[in-house]
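Report on the structure given below.
The values are calculated or read from the model by the stated rules, or taken from the named source; none is laboratory data. Note that this is a predicted model, so its numbers are computed, not measured. Because the Cβ atoms are built from the backbone with ideal geometry, glycine has one as well, and the counts that use them run over all protein chains shown. Keep in mind that these areas ignore ligands, DNA and RNA; they rest on the heavy atoms of the full protein, side chains included. Shrake-Rupley method; radii C 1.70, N 1.55, O 1.52, S 1.80 Å.
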Amino acid sequence: GFTKSLAMTVLSEIGDKTFFAAAILAMRYPRRLVLTGCLSALIVMTIISALAGWAAPNLVRKCA
């Protein structure tokens, strides 16, 4: 299961515009800086998604 999910994630992300933007940025700026920025953005978006996933059901229950 892990290998299949990893492969699907890699295949779907390669065609993503974000991948190309990061590749172009890595050609123009230091790679570590680009990697740090991309990882930071991923962490922030993961936290925001987790908070939205937690808050949405709570808001729906209160409205219904």
Under the 0.36 nm per residue contour assumption, what length would be gained going from the current alpha-carbon distance of residue 56 and residue 19 to full extension? 10.4 nm
What is the percent of Cα-Cα separations in the range 1-61 that go past 20 Å? 49
For the chain, give the percent of accessible area contributed by carbon and sulfur heavy atoms, probe 1.4 Å, rounded to a whole number. 75
Add +1 for every Lys or Arg and -1 for every Asp or Glu among the other residues with Cβ under 15 Å from the Cβ of residue 22, and state the total. +2
Would you compute, from DSSP H runs of 4+ residues alone, the mean residue ellipticity of the chain at 222 nm, taking -39500 (n - 2.57) per run and dividing by the full residue count, rounded to the nearest 500? -31000 deg cm²/dmol
Residue 26 and residue 45 label points (each 7 Å along its Cα→Cβ direction) are spaced in nm at 1.6
